[in-house]
Amino acid sequence: VLAAGETEVHVVFSTDCSPYQHWQSINVWYSARAVGQRGPVTRIASGCAAAEAGKIAAEWLEIDPTGTFRAHFAPAGALRGGTYKYSNKPSGLYHWLTTARPPPFVDSSRGIVVLIDPDQMLLRPITAALGAGLRPSPRKGELVDADGVPRVLGAVVARERLGGGAVPADEDAGIFQR
């Protein structure tokens, strides 16, 4: 439960309905739970047959009866002018933002959407203050603290621009030992 006035952070990720992305989705949920992520985590599954969607929805409810871990089903995406294998992400996100029940936020003026990939794990909770106190460094895509030390968020931003994942910093490695 969020405190009065607290910014809502809603973590979402886009998948298809393949078994491979199904186990990745469960991994995202458990990593979010392990680090104490506050707020909902939603899988946007695009292009699922009705039977697949029903099975996923039932399993999500079994994993988390509170409804914090959500599944949203969107039609397979297509971009104008033809198909593109990654079009499910923008079209699924748009579908979720415009049709989700319950809606993504209690108060959309105080909501932040965090879009991750299903093969990513949370190493610490994502909050509205995640980048507080950081500033851009002279190196493109990197953020540093007040002492000029590069921080993990900078690595995440830089690697995302290049299409890769983030390598955990030493202080984050403990989550893998639990």
- Cβ pairs under 6 Å, 6+ apart or interchain, first in the range 2-19 and among the small types (Gly, Ala, Ser), second open to solvent by less than 10 Å² (accessible area, probe 1.4 Å) and modelled with pLDDT of 90 or more, ordered by first then second residue, are Ser14/Ile44; Ser14/Gly92
- Does the range 32-45 include one or more residues that are closer than 24 Å to Gly111 by Cβ, modelled with pLDDT under 95, buried (at least 17 other Cβ atoms within 10 Å of the Cβ) and in contact with a Ser or Thr (Cβ under 6 Å, 6 or more places away or on another chain)? yes
- Query: Which residues, counting only those in the range 46-62, are loosely packed, with under 15 Cβ neighbours inside 10 Å and in contact (Cβ under 8 Å) with a residue 12 or more places away in the chain?
  - Reply: Ala49
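The values are calculated or read from the model by the stated rules, or taken from the named source; none is laboratory data. Since we're looking at a predicted model, the values are computed, not measured. In this analysis, Cβ positions are derived from the backbone assuming ideal geometry, glycine residues included, and neighbour counts consider all displayed protein chains. Note: areas computed on protein heavy atoms with side chains; ligands, DNA, RNA excluded. Shrake-Rupley method; radii C 1.70, N 1.55, O 1.52, S 1.80 Å.
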